[in-house]
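Structure first, then comments.
Bear in mind these aren't lab numbers, they're just calculated from the coordinates by the rules spelled out. Owing to the predicted nature of the structure, the values given are computational and were not obtained by experimental measurement. Positions of Cβ are generated from backbone atoms using ideal geometry, with glycine treated the same way; all protein chains shown enter the neighbour counts.
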Amino acid sequence: MKISYFYGFYYIFLPNNVGLQRRYGLQETGKGKGSIKWNDVRIDSLPNIETAIKSGGLAHVKAISLKKVTNQVYLDNLQRLQKLVKERSATEFKENATTLLDIEIADLLMNPLTLEWLYSMTTNEIMEYLTSLPGVGVKTAACVLLFNFKRPCFAVDTHVWRHAKWLGWVPTKATRDKAFSHLDFLIPDHLKYSLHQLFLRHGKSCFRCKGNTKPGSKEWEQTECPIDHLLTRDKENKHEGTVSPKKLVIKAAGNKKRKIVKDGDEEDEEGAEWDDVAIRSSSAKATKRKK
């Protein structure tokens with residue numbers, strides 16, 4: 001499926017989109033050709049969106065955030081459109097002449113959720129805008145900058161975070177966001193993409209560097225890690241702050257428990273930030289019930 005580059009943000013924000021594609025279809029023309037009709041998602045009801053993404057887990061939390069983020073982008077673009085139209089009306093123009101203002105106005109009219117205008121901003125400005133959106137954390141914004149905007153930005157996912165600690169590149173108690181700030185400054189720009197990909201692929205394929213394997217297991221003994229001599233792994237082969245997939249649960253009403261992560265090693269690629277949102281949401285509801 002061909003995806004317009006400036007719609008890539010929505011796919012990183014919500015990668016499990018098969019249900020959305022089935023319900024809302026794909027845009028057939030324009031710059032967003034091949035992308036889900038995100039504006040149709042925005043104007044649809046919350047229950048319908050939740051049903052569409054139910055198979056991906058955390059459907060209710062994701063649906064709320066998806067509604068919020070698309071509505072926020074829509075309102076920001078509407079404000080930008082009004083400003084551009086005002087500027088255009090005050091500009092002298094020749095008959096049949098097309099200006100850059102005309103092009104941007106036409107783009108906003110055709111694609112009300114476009115983020116293409118961010119390309120004219122600095123990397124720090126894009127990061128600031130993206131993290132201001134509901135449900136968007138530093139990791140998601142960094143991935144968008146790296147993969148969609150092609151900006152040098154050292155996105156820190158679970159694999160990068162884990163290896164950075166084992167290599168001694170960041171303090172052992174550094175949070176993922178603090179690790180990002182440290183590593184993004186430390187890593188040369190020309191190495192950020194390739195090093196991120198290297199950690200990602202190695203972390204997924206090496207049984208000694210996965211988050212759910214331990215010394216003494218069959219996979220561990222059969223694996224030769226090429227960077228084993230450089231790493232100082234912690235006792236349980238997990239970086240501080242990682243929770244066993246069996247322990248990461250949310251208590252619901254009636255003493256029932258709902259698992260959030262099925263595979264502790266893969267959760268970060270498509271949902272660690274969602275898990276954080278879910279846990280905070282659950283804690284808030286529990287506190288409210290006690291009161």
- Please give the direction-averaged projected area of the C-alpha convex hull for region 158-230, in square nanometres with one decimal. 5.1 nm²
- Task: Quickly work out the Arg22-to-Lys204 label distance, labels modelled 7 Å from Cα along the C-beta direction, and quote it in nm with one decimal.
- Result: 2.3 nm
- Item | 5 Å-binned pair-distance histogram of region 14-94 (Cα, whole percent) | 3, 14, 20, 19, 15, 10, 7, 5, 4, 2, 1
- Task: Determine the alpha carbon to alpha carbon distance for each of Lys165/Lys218; Lys62/Lys83; Lys139/Lys210; Lys83/Lys139 and list only those over 29 Å.
- Result: Lys62/Lys83; Lys83/Lys139
- Note on the structure: Over the Cα atoms of region 62-150 the radius of gyration and the largest Cα-Cα distance (Dmax), both in Å, equal 15.1, 48
- Query: When ranked by the protection proxy of mean other Cβ atoms within 10 Å per residue, highest first, what sequence do the peptides 142-153, 220-231, 41-52, 161-172 form?
  - Reply: 142-153, 161-172, 41-52, 220-231
- Message: Counting only Cα atoms, I'd like the Rg/Rh figure for region 121-211, Kirkwood definition for Rh.
- Response: 0.96
